[in-house]
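**Q** Please read through the structure below; I'll follow up with questions.
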Amino acid sequence: MKLKQRIEQIMNLVFFVCGMVSIAAVALITVYMVWAGLPAILKIGPVDFLLGTVWKSTASEPEFGILPFIMTSVWGMFGALLLGVPVGVFTAVFLSKLAPPKVAAAVRPAVELLAGIPSVVYGLIGMIVLVPAVMDIFGLKSGSCLLSAILVLTIMVLPNIISVSETALRAVPKEYEEASLGLGATWIETVFKVSIPAAKSGIVAGIVLGAGRAVGEAMAVMMVAGNVANMPGLFKSVRFLTTAVASEMSYAADGSLQKQALFSIGLVLFVFIMFINWALHAFLKRGEDR
Amino acid sequence: MKMKRFFAMAMACVMAAGLVACGGTEANSTSGAASGTTTSLKGGVATGGSTSVEKVIGGLGEAFMEEYSGVDVTYDPTGSGAGITGAADGTLDIGLSSRALKEEELAKGLVSTTFALDGIAVVVNSSNTVSDLSMEQVAKLATGEITNWSEVGGPDAPVVLVGREAGSGTRDGFESIVGVADTCKYEQELTSTGAVMAAVKANPNAFGYISLASVDDSVKVVTIDGIAPSEETVKDGSYKIQRPFVLVTKEGEELSAQAKAFYDFALSEAAAELIKNAGAVPMV
């Protein structure tokens, strides 16, 4: 009996330590990002840094304005959601409410597979297939632009939106739908006027999760967006917050203002993701409260 | 038993090879400092300077440290200017510069020895009919002053400059030699030579610059003022888009034994292959 209690205690401790690992990691990263990212922001000046429109990190008179990166990330995120949300939500509706079980059984693994494809593969296909196609279709001189990045991100956020929305739609109590049907509404009317409103918070959570993925993606975007620090335009070569860090980090000299500024970009990105996560929790909580 | 004997034989072979290799460097070394047994060298060799040279010195340092296990070669990529300053004030054993030293720097009593050359090839899509450009035309294409290929005898198509990211040695080299530092109008900034070549291959309007060693058939190399880039034309100086990689030391100041050994190694024939692998043209 005593031994059993011992084991119980030890296992409790093991689980506690495991739980602490992720908290410690988050705390460590937060502290480090602030510690590494703040000096350059203060040195450059928060206004010049956040609202400056020129990024020339290695020029003889360097300029560190990251507004182009911030705006590109914001536009990229909204663009991907604009295209991804309708397709994603409708796919979720199809899977949970309309599809015959056999069809759903074929579509669902495909969606899951889409989530599992490494981002570098998205980037590669984007670079080889999408970029030349965008160039031809729109008659551009170069297909590496914000639009290409948005199209790649759209595909990448779909699995997040679909899987979370589908779960939420499935959780809608059957009685709601039966009541609606009983009052004479058609099945499509029921889905759009009863099921979707009832699953609203879950669907929004999926969208926010997708937004987080769109903002945080670096590899795929780096391969299709052109990476020039322009203010965003649909057909312009652009650089995202993530790619700004990734593309210059390898050559930035230790201790240089350039490297410190890259950490500062990381900090801004971190704040972005924190905000998106906070929004996610807010929506999930609202869903629970009801 | 058989296994053991085989192992001993193999070891003997390795050791013999090691001796031969050591002998090679010894022969190249003219200094009295390195006259002791090579394995007795100990300590650090602090080098630093141009970011472009980092890959070359990295390769050399690795091979050097394999031979002299007691020596630790470090490289601090802080830029040519910092490398030259470091050599002048003694914080570095050997400074590395990717440009020739200026008069006032030589006046400080610095000695520069070129140990490699870096050639940068200008490449276009293979469908582009342009095959020769002058330096001036390259500069105008890069800064966006010329926006259509027809202005330099090519097809009626827009010009798209595909380059490397800020901080890249190839970018720094191209921009400084052509005289377009910080004024290039890039359409794409990519993080590797391979990516630049892929982008130039994919876009008929594109032109880009890559290290000479990376050139292959997927893209078309443009001649500059009629001279095609090659190891020979870089060496004899006729190909213009090139720059020297220079070892900077202080005159009259004795290098430490291990630094001297590394200095000699960088100029030796044994280093030539390593320099080539790192994308530069060796001097020997």
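The values are calculated or read from the model by the stated rules, or taken from the named source; none is laboratory data. As the structure is a prediction and not an experimental result, all values here were calculated from the model. In this analysis, Cβ positions are derived from the backbone assuming ideal geometry, glycine residues included, and neighbour counts consider all displayed protein chains. Just the protein is used for accessible areas: all its heavy atoms, side chains included, with ligands, DNA and RNA removed. Shrake-Rupley method; radii C 1.70, N 1.55, O 1.52, S 1.80 Å.
**Q** Specify which residue in the list B:Pro158, A:Ala252, A:Val111 is farthest towards the positive end of the charge dipole of the protein assembly as shown, using unit charges on the beta carbon of Lys, Arg (+1) and Asp, Glu (-1), about the Cα centre.
**A** The listed residue farthest towards the positive side: A:Val111.
**Q** Let me ask another. On a 1.4 Å probe surface of the protein chains, which of B:Glu189, A:Glu61, A:Glu189 comes out largest in accessible area, and what is the full order?
**A** Greatest to least solvent exposure: A:Glu61, A:Glu189, B:Glu189.
**Q** Next question. Against the longest alpha carbon principal axis of chain A, how many degrees, from 0 to 90 and to the nearest 10, is the axis of helix A:257-289 turned?
**A** 20 degrees
**Q** Can you send over the solvent-accessible area of B:Asp89, 1.4 Å probe, protein chains only, in Å² to the nearest 10?
**A** Accessible area, nearest 10 Å²: 100 Å².
**Q** Can you give the charge dipole size of segment B:169-267 about its Cα centre, rounded to the nearest 20 debye, using +1 on the beta carbon of Lys and Arg and -1 on the beta carbon of Asp and Glu?
**A** Dipole magnitude for segment B:169-267 comes out near 220 debye.
**Q** Now a separate question. Accessible area drop of at least 40 Å² (1.4 Å probe, protein heavy atoms): which residues of segment B:185-226 qualify, relative to the chain alone?
**A** Listed by number, the residues meeting the 40 Å² cut-off are B:Glu187, B:Gln188, B:Glu189, B:Thr191.
**Q** Enter the accessible area of B:Val124 (Å², nearest 10), with the probe set to 1.4 Å and all protein chains included.
**A** Answer for B:Val124: close to 0 Å² accessible.
**Q** A further question follows. So how do A:Glu112, A:Glu217, B:Glu231 rank on accessible area, 1.4 Å probe, biggest first, that is with the largest at the start?
**A** Numbers: A:Glu112 120, A:Glu217 20, B:Glu231 65 Å².
The most accessible residue leads, giving A:Glu112, B:Glu231, A:Glu217.
**Q** Let me ask something else. Starting from the Cα of A:Ala282, step 7 Å along the direction of its Cβ; do the same at A:Ala24; then give the gap between the two resulting points in nm.
**A** Between A:Ala282 and A:Ala24, the label points sit 3.3 nm apart.
**Q** Quick check on chain B: of the DSSP beta bridges with both residues there, what percent are antiparallel, nearest 5%?
**A** Antiparallel bridges: around 55 percent, rounded to the nearest 5.
**Q** For chain B, with all protein chains present and a 1.4 Å probe, just round the carbon and sulfur fraction of the accessible area to a whole percent. Mind dumping the intermediate values first?
**A** On the way: 6930 of 12650 Å².
Carbon plus sulfur share of accessible area: 55 percent.
**Q** Can you tell me how much longer the chain between B:Glu231 and B:Glu269 gets when fully stretched, taken as 0.36 nm per residue apart minus their C-alpha distance, in nm with one decimal?
**A** Net length gain for the segment: 12.1 nm.
**Q** What are the ³J(HN,Hα) values, in whole Hz, obtained from phi via the Karplus relation 6.51 cos²θ - 1.76 cosθ + 1.60 with θ = phi - 60°, for each residue of segment A:83-96 in sequence order, with x given for Gly and Pro?
**A** Computed from phi, the couplings for segment A:83-96 are 7, x, 5, x, 4, x, 5, 5, 4, 5, 4, 4, 5, 8 Hz.
**Q** Of the listed pairs A:Lys141/B:Lys220; B:Lys55/B:Lys240; A:Lys141/B:Lys55, which have alpha-carbon separations greater than 27 Å here? All intermediate terms of the calculation are to be shown ahead of the outcome.
**A** Numbers: A:Lys141/B:Lys220 19 Å; B:Lys55/B:Lys240 22 Å; A:Lys141/B:Lys55 34 Å.
Checking Cα-Cα distances, A:Lys141/B:Lys55 exceed 27 Å.
**Q** On to the next question. Through the Karplus equation 6.51 cos²θ - 1.76 cosθ + 1.60, θ set to phi - 60°, convert the phi angles of segment A:198-213 into ³J(HN,Hα) values in whole Hz; use x for Gly and Pro.
**A** 5, 9, 3, 5, x, 5, 4, 4, x, 5, 5, 4, x, 4, x, 5
**Q** When the helices in chain A are scored as -39500 (n - 2.57) per DSSP H run of 4 or longer and the sum is shared across all residues, what 222 nm value do you end up with, to the nearest 500 deg cm²/dmol?
**A** Working: 13 runs with 210 residues, N = 290.
Result for chain A: -24000 deg cm²/dmol, rounded to the nearest 500.
**Q** Shifting gears a bit: For B:Ala116, enumerate residues with amide H under 5 Å from its amide H, sequence gap 5+ or separate chain, H modeled in the peptide plane.
**A** Here B:Phe245 satisfy the definition.
**Q** Which residue, chosen from A:Ile161, B:Tyr209, B:Gly90, occupies the Cα position most advanced towards the positive end of the dipole of the protein assembly as shown, where the dipole is computed from +1 (Lys, Arg) and -1 (Asp, Glu) charges on Cβ about the Cα centre?
**A** A:Ile161
**Q** What does the charge dipole of the protein assembly as shown about its Cα centre add up to, to the nearest 20 debye, if the Cβ of each Lys and Arg holds +1 and the Cβ of each Asp and Glu holds -1?
**A** 2620 debye
**Q** If each of A:Ala59 and A:Glu178 carries a label point 7 Å out from its Cα toward its Cβ, how far apart are those two points in nm?
**A** Distance between label points: 6.9 nm.
**Q** Ok, one more. Setting aside same-chain residues fewer than 8 positions from B:Lys108, which aspartates and glutamates have a Cα under 17 Å from its Cα?
**A** B:Asp89, B:Asp93, B:Glu251, B:Glu253, B:Glu254
**Q** Of the heavy-atom accessible surface of segment A:55-289 (probe 1.4 angstrom), what whole percent is carbon and sulfur? Let's see the in-between values first.
**A** Values: 7420 of 10570 Å².
Carbon and sulfur: 70 percent of the exposed surface of segment A:55-289.
**Q** How big is the charge dipole of segment B:119-242 about its Cα centre, in debye rounded to the nearest 20, if each Lys and Arg gets +1 on its Cβ and each Asp and Glu gets -1 on its Cβ? Could you put the intermediate results ahead of the total?
**A** Numbers: 8 positive and 17 negative charges, 31 e Å.
Once rounded to the nearest 20, the dipole reads 140 debye.
**Q** Next up: For B:Asp217, what accessible area in Å² do you get when you roll a 1.4 Å probe over the heavy atoms of the protein chains, rounding to the nearest 10?
**A** Accessible area of B:Asp217: about 150 Å².
**Q** Could you list log10 I(q)/I(0) for the protein assembly as shown at q = 0.05, 0.09, 0.12 Å⁻¹, which the Debye formula gives when each Cα is one point scatterer?
**A** -0.31, -0.86, -1.19
**Q** Using 0.36 nm times the number of residues separating B:Ser134 and B:Val284, minus their current alpha carbon distance, what extension gain do you get?
**A** Length gained between B:Ser134 and B:Val284: 51.1 nm.
**Q** I've got another one for you. Can you list the HN-Hα couplings for segment B:212-217, worked out from phi with the Karplus curve (6.51, -1.76, 1.60; θ = phi - 60°), rounded to whole Hz and with x for Gly and Pro?
**A** Values per residue, Gly and Pro as x: 3, 5, 8, 4, 9, 6 Hz.
**Q** A:Lys193: which lysines have alpha carbons under 16 Å from its alpha carbon, excluding same-chain residues fewer than 8 sequence positions away?
**A** Within the straight-line limit of under 16 Å, A:Lys193 reaches these lysines: A:Lys97, A:Lys174.
**Q** Looking at this model, which pairs from A:Lys259/B:Lys201; B:Lys102/B:Lys235; B:Lys140/B:Lys201; B:Lys42/B:Lys235 are more than 25 angstrom apart at the alpha-carbon?
**A** A:Lys259/B:Lys201; B:Lys42/B:Lys235, as the Cα separations exceed 25 Å there.
**Q** A follow-up question, please. Classify chain A as rounded, prolate or oblate, taking a ≥ b ≥ c as the square roots of the eigenvalues of its Cα gyration tensor: rounded when a/c is under 1.5, otherwise prolate if a/b is larger than b/c and oblate if not.
**A** Oblate, since a/c reaches 1.5 and b/c is not below a/b.
**Q** If you don't mind, another one. On a C-alpha basis, how far is the centre of segment A:32-51 from the centre of segment B:55-116 in Å? Whole number, if you could?
**A** 33 Å
**Q** Let me ask something additional. Please list, or write none, the aspartates and glutamates whose alpha carbon is within less than 16 Å of the alpha carbon of B:Lys276, excluding same-chain residues fewer than 8 places away.
**A** B:Glu54, B:Glu62, B:Asp118, B:Asp216, B:Glu231, B:Glu232
**Q** Further, regarding this structure: Given the rule -39500 (n - 2.57) for each run of at least 4 DSSP H residues, summed and divided by the residues of chain B, what is its mean residue ellipticity at 222 nm, to the nearest 500 deg cm²/dmol? Walk me through the numbers on the way to the answer.
**A** Working: 10 runs with 110 residues, N = 284.
Counting only the DSSP helices, I get -11500 deg cm²/dmol.
**Q** Continuing with the same structure: For A:Trp55, B:Trp149, A:Trp75, A:Trp278, give me the order by solvent-accessible area with a 1.4 Å probe, most accessible first, ignoring ligands, DNA and RNA.
**A** Output order, biggest surface exposure first: A:Trp278, A:Trp75, A:Trp55, B:Trp149.
**Q** Distance between Cα centroids, segment B:219-284 to segment A:147-166: provide it in whole Å.
**A** One Cα centre to the other: 49 Å.
**Q** What residue among A:Gly233, B:Leu117, A:Trp75 has its Cα farthest toward the positive end of the dipole of the protein assembly as shown, where the charges are +1 on Lys, Arg and -1 on Asp, Glu, each on the Cβ?
**A** So the residue furthest toward the plus end is A:Trp75.
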